[in-house]
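Taking it in order: structure first as structure tokens, then the write-up.
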Amino acid sequence: MGNKQSKILLIYTGGTIGMVKEYQSGVLKAFDFKKVVDNIPELGQLGCAIDSVSFKKPIDSSNMNPTHWVSMATLIEKNYAAYDGFVILHGSDTMSYSSSALSYMLENLAKPVIFTGSQLPIGDLRTDAKENLITSIQIAALKEKGQSVIREVGLYFENKLFRANRTTKINAEQFEAFASLNYPILAESGVHLKVYHENLWRPVKNKPLKVHIALDDRVAILKLFPGLNRELLTGVLNIPGLKALVLETYGAGNAPTDAWLLSDLKKAVEKGLYIVNVTQCSGGSVIMGRYETSRELEHMSLINGRDITTEAAITKLMYLLGSQVSGKSFGTIFETSLRGEMT
């Protein structure tokens, strides 16, 4: 399914994949991206043209923020017509956040944008970087009848291609660092590269790419826990300028029934704060009203996050707020799957 004519642009943002260990301190630091390509001579055997561009200063993924997402989206917009696919090398810690954000920012995407990285530096003897990079490029180059097979933002790691906005990082030490518990994988690399076509996102045909770079970061995440006190809740709900909150609840969207908790949440909603109910479980969905402990949340019109990940929820809020969606339709639009991020 490969295409010899495919042109792929590698975008190096930083991350372990392009790092080297300092001899004396043992600390990992980013090094020249050109050396990353030099370390993988196999790239010349892939049958596609590969160009690369790098952030002037590589970013450790812990330092990623919306301005870097805008830089990535702008690079893709600038080079969209010239390339058949894009591979973004990124640190794994915040890869699910960045890739989720890009999925919203790149509306009508008709070409693959594949995020990948590694748990070990590319020069390490046991590195996972080579396979992740080589297969990501192969996936980005896939075509059928002259059209890209993948037409969405994906995340490739340890033999699996995921829909990016369905992923979460689950392990800091194993090569299998990511999971997508609420949506099946898009492709799998073994002896053969198998694509699960039935799971792929299909954008509306013949619509031009529209890149959204206005993001509003006046958002927050609050995870419920036994012993959460009113002072903490009040402090979060009264953050100056706060516009939206991801509330990580228990199980299927449940919360304590303390009168003060429900009262404070209700007042915040009435004042115009958007609160999204997301389960803090790695898998499963919010089903408000299923239990008595979520019925009151449903009555106060909390936005139902269903099976969206926290990463996809917080970036979706930034995107919708930046798009200046009206208050009346905000909840309805959030509860609508825009890029396959929710079932």
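No value in this document is a laboratory result; all are computed from the given coordinates. Because the structure is a prediction, the values reported are computed rather than measured. Quick reminder, even Gly has a Cβ in these numbers, built from the backbone with ideal geometry, and neighbours come from all protein chains shown.
For I40 and T234, FRET efficiency with R0 = 45 Å and r from the beta-carbon atoms, rounded to 0.05? Could the numbers behind the result be given before it?
Details: r = 53 Å, r/R0 = 1.17.
In this case the efficiency is close to 0.30.
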Stretch gain in nm, segment L193-A259, where the contour uses 0.36 nm per residue and the Cα spacing is subtracted: 18.3 nm
Long-range amide H partners of A179 with built H, under 5 Å: T168, I170
For F157, residues with placed amide H under 5 Å, excluding near neighbours: F162
Convex hull (Cα only) mean projected area of the stretch 7-211, reported in nm² to one decimal: 11.2
Listed residues H90, H299, H212, most fluctuating in the chain (Gaussian network, C-alpha, under 10 Å): H299
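Using helices alone, I'd like the mean residue ellipticity at 222 nm for the chain: each DSSP H run of four-plus residues gives -39500 (n - 2.57), total over residue count, nearest 500.
One gets -8000 deg cm²/dmol as the mean residue ellipticity at 222 nm.
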Fraction of antiparallel bridges per DSSP, the chain only, in percent to nearest 5: 40
Contact order normalised by residue count of the stretch 219-334, Cα under 8 Å, 6+ apart, percent: 26
Antiparallel DSSP beta bridges within the stretch 7-211, percent to nearest 5: 50
Listed residue pairs exceeding 31 Å between alpha carbons, taken from K160/K207; K57/K205; K111/K271; K223/K328; K7/K194: K57/K205; K111/K271
Rounded D (µm²/s) - the stretch 246-305, Kirkwood Rh over Cα pairs, Stokes-Einstein at 20 °C, 1.002 mPa s: 190
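Take every Cα pair under 8 Å in the chain that's 6+ residues apart, average their separations, divide by the length, and report that relative contact order as a whole percent.
15
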Zero-based 20 Å bins, Cα pair distances in the chain, whole percents: 31, 54, 15, 0
With Cα atoms, 0 to 90° folded angle of helix 310-322 axis to the chain main axis: 80
